[in-house]
Ligand code: OGA
Ligand code: MN
């Protein structure tokens with residue numbers, strides 16, 4: 001059943017670049033600063049004895065996101081992995097181009113970040129890949145009339161993955177196997193930046209509040225398996241988390257919204273909850289907090305699912321899009 005989302009928060013048009021920043025890795029690293037010709041971004045080259053050549057971190061220039069160059073995720077020494085983890089903490093979303101990963105290799109890299117969650121059940125009620133419950137397929141492709149994955153070809157609205165769980169995944173990674181010639185871009189936003197931008201009075205007002213993250217609908221507007229749909233956010237299934245959380249690794253504060261539909265600020269009248277949520281979402285969807293990714297086949301995008309949200313554009317239903325995702329278990333409850 002495809003219940004269309006009634007909330008639409010607009011395409012993220014990222015044209016605002018933050019100040020150029022250069023990151024250095026490790027004490028022993030030899031950093032070479034270099035300005036790229038076409039973009040307001042900077043590159044750090046690290047040549048600290050990593051096999052397979054130097055690792056480069058190229059920030060997007062937007063509020064979050066960086067491309068990691070010179071990395072083969074199948075063949076990664078400990079020191080290179082540690083640098084990737086540092087870049088991930090700094091930039092929240094990392095793009096690795098030109099990867100060639102089987103599902104087993106995608107799972108093997110994902111496991112370096114921690115134990116994996118099983119993927120949500122597919123919209124048809126099936127699990128995705130036989131024998132590999134960790135793999136979630138995002139696709140509009142149908143075989144014998146049945147979708148091989150989730151989210152169809154429509155828009156996927158802003159959300160955080162699986163925050164309807166008490167312990168949501170800390171990371172997700174999405175690997176592209178087939179993409180349409182246009183459309184289907186994925187945008188990410190920094191919930192640190194969103195929180196920082198709130199007026200002091202609003203920060204005071206939301207300190208200590210809790211929010212219910214709905215488990216009824218996925219970001220494509222489809223009803224999740226085994227759930228009786230309701231549009232009353234006070235009674236719909238979900239998990240309650242603090243509205244402002246502190247990141248366990250960086251110590252930074254972030255707004256934790258999850259998704260708009262069926263969200264509820266615990267203890268408020270429904271109308272007051274709606275008003276406050278709309279006010280907060282008015283900040284969350286501003287383009288200066290986001291970065292938009294245009295996919296190529298072989299891209300792997302790794303995001304911190306605690307301090308970011310993401311959304312996807314619709315695309316031509318006649319074209320094929322196939323992505324495989326893993327999700328890494330959280331290691332601390334959101335607090
Ligand atoms: C996801 C997701 C968006 C996309 O895999 O969690 O939201 O671009 N995907 O397919
Ligand atoms: Mn998602």
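Which condition breaks for residue 281 when tested against (1) over 30 Å from residue 139 (Cβ atoms); (2) part of a helix (DSSP H, G or I); (3) in contact (Cβ under 8 Å) with a residue 24 or more places away in the chain?
(1)
Among the numbered criteria (1) away from ligand 1 (no atom under 16 Å from the Cβ); (2) over 26 Å from residue 62 (Cα atoms); (3) out of contact with any helix residue (DSSP H, G or I) (no Cβ under 7 Å at 6 or more places or on another chain), which one does residue 317 miss?
(1)
Could you please find all residues in segment 214-235 being closer than 18 Å to residue 265 by Cβ, crowded, with 16+ Cβ neighbours inside 10 Å and in contact with a strand residue (DSSP E or B) (Cβ under 6 Å, 6 or more places away or on another chain)?
Pass one, segment 214-235, residues closer than 18 Å to residue 265 by Cβ: 214-216, 230-235.
Cutting the leftovers down to crowded, with 16+ Cβ neighbours inside 10 Å gives us 214-216, 233.
If the condition is that a residue be closer than 18 Å to residue 265 by Cβ, crowded, with 16+ Cβ neighbours inside 10 Å and in contact with a strand residue (DSSP E or B) (Cβ under 6 Å, 6 or more places away or on another chain), then 214, 215, 233 are the ones that fit.
Out of (1) in contact (Cβ under 8 Å) with a residue 60 or more places away in the chain; (2) more than 10 Å from ligand 1 (Cβ to nearest atom), what's the single condition that is false for residue 104?
Looking at each condition in turn, residue 104 falls short on (1).
Checking the structure you have, find out if any residue of segment 76-92 is modelled with pLDDT of 95 or more, part of a strand (DSSP E or B) and closer than 30 Å to residue 284 by Cβ.
no
Mind checking whether some residue in segment 44-57 is assigned to a loop (DSSP other than H, G, I, E, B) and modelled with pLDDT of 95 or more?
As a first pass, look at segment 44-57 and keep what is assigned to a loop (DSSP other than H, G, I, E, B): 47-54.
Then drop every residue that is not modelled with pLDDT of 95 or more, which leaves none.
Scanning segment 44-57, I find no residue that is assigned to a loop (DSSP other than H, G, I, E, B) and modelled with pLDDT of 95 or more, so the answer is no.
Check whether at least one residue in segment 167-176 is farther than 30 Å from residue 298 by Cβ and either modelled with pLDDT under 95 or within 14 Å of ligand 2 (Cβ to nearest atom) (or both), and report yes or no.
No, segment 167-176 has no match at all.
Looking only at segment 145-156, filter to residues that are outside any loop (DSSP other than H, G, I, E, B) and more than 15 Å from ligand 2 (Cβ to nearest atom); which one of those is nearest to residue 169 (Cα to Cα)?
Narrowing segment 145-156 to residues outside any loop (DSSP other than H, G, I, E, B): 146-147, 150-151, 156.
Checking which are more than 15 Å from ligand 2 (Cβ to nearest atom) leaves us with 146-147.
Working: 146: 28, 147: 25 Å.
Ranking the qualifying residues of segment 145-156, first place goes to 147.
Would you check if there is a residue in segment 113-120 being modelled with pLDDT under 95, within 14 Å of ligand 1 (Cβ to nearest atom) and farther than 21 Å from residue 331 by Cβ?
Checked segment 113-120: no residue is modelled with pLDDT under 95, within 14 Å of ligand 1 (Cβ to nearest atom) and farther than 21 Å from residue 331 by Cβ.
Please state which one of 333, 255 is closer than 25 Å to residue 167 by Cα, surrounded by 22 or more Cβ atoms within 10 Å (Cβ to Cβ) and away from ligand 2 (no atom under 16 Å from the Cβ). Step through it out loud before you land on a result.
Details: 333 fails: surrounded by 22 or more Cβ atoms within 10 Å (Cβ to Cβ).
Unique residue meeting the criteria: 255.
Would it be correct to say that residue 167 is surrounded by fewer than 22 Cβ atoms within 10 Å (Cβ to Cβ) and closer than 26 Å to residue 285 by Cα?
On the way: surrounded by fewer than 22 Cβ atoms within 10 Å (Cβ to Cβ): yes; closer than 26 Å to residue 285 by Cα: yes.
Criteria met by residue 167.
Select, from 240, 301, the only residue that is over 19 Å from the mean Cα position of the chain (by Cα) and not in a helix (DSSP H, G or I).
Values: 301 fails: over 19 Å from the mean Cα position of the chain (by Cα).
Exactly one residue qualifies, and that residue is 240.
If you go through segment 311-332 one residue at a time, do you hit one that is in a strand (DSSP E or B) and more than 23 Å from residue 185 (Cβ to Cβ)?
If we filter segment 311-332 for residues that are in a strand (DSSP E or B), which is where we start, we get 311-312, 322-328.
Then drop every residue that is not more than 23 Å from residue 185 (Cβ to Cβ), which leaves 328.
Checked against the condition, which is being in a strand (DSSP E or B) and more than 23 Å from residue 185 (Cβ to Cβ), segment 311-332 yields at least one hit.
When you scan segment 183-204, how many residues do you find that are assigned to a loop (DSSP other than H, G, I, E, B) and within 14 Å of ligand 1 (Cβ to nearest atom)?
Residues in segment 183-204 being assigned to a loop (DSSP other than H, G, I, E, B) and within 14 Å of ligand 1 (Cβ to nearest atom): 3 in total.
Give me a count of the residues in segment 132-152 that are in contact with a strand residue (DSSP E or B) (Cβ under 9 Å, 6 or more places away or on another chain) and exposed (fewer than 14 other Cβ atoms within 10 Å of the Cβ).
0
Just give me the residues in segment 122-144 being part of a loop (DSSP other than H, G, I, E, B) and either modelled with pLDDT under 90 or under 18 Å from residue 105 (Cα atoms) (or both), in sequence order. Before you say what the answer is, go through the steps one by one.
Taking segment 122-144 and keeping what is part of a loop (DSSP other than H, G, I, E, B), we get 122-128, 130-131, 133-135, 140-141, 144.
Hits for segment 122-144 are 122, 123, 124, 125, 126, 127, 128, 130, 131, 133, 134, 135.
Show the residue pairs meeting these rules: Cβ distance below 6 Å; 6+ apart or different chains; first residue within segment 111-130 and on the phi > 0 side of the Ramachandran plot; second residue part of a loop (DSSP other than H, G, I, E, B).
114/329; 125/225
So, in segment 157-182, of the ones that are part of a loop (DSSP other than H, G, I, E, B) and within 20 Å of residue 223 (Cβ to Cβ), which residue ends up nearest to ligand 1 (Cβ to nearest atom)? Quick ask: steps written out before the conclusion?
Of segment 157-182, the ones part of a loop (DSSP other than H, G, I, E, B) are 160-170, 179-182.
With the extra rule that they be within 20 Å of residue 223 (Cβ to Cβ), the set shrinks to 160-165, 168.
Details: 160: 9, 161: 5, 162: 9, 163: 11, 164: 13, 165: 14, 168: 12 Å.
The qualifying residue nearest to ligand 1 (Cβ to nearest atom) is 161.
The values are calculated or read from the model by the stated rules, or taken from the named source; none is laboratory data. Here the structure is a predicted model, which is why all the values come from computation and not from measurement. Here Cβ is always computed from backbone atoms with ideal geometry, including for glycine, and neighbour counts include all displayed protein chains.
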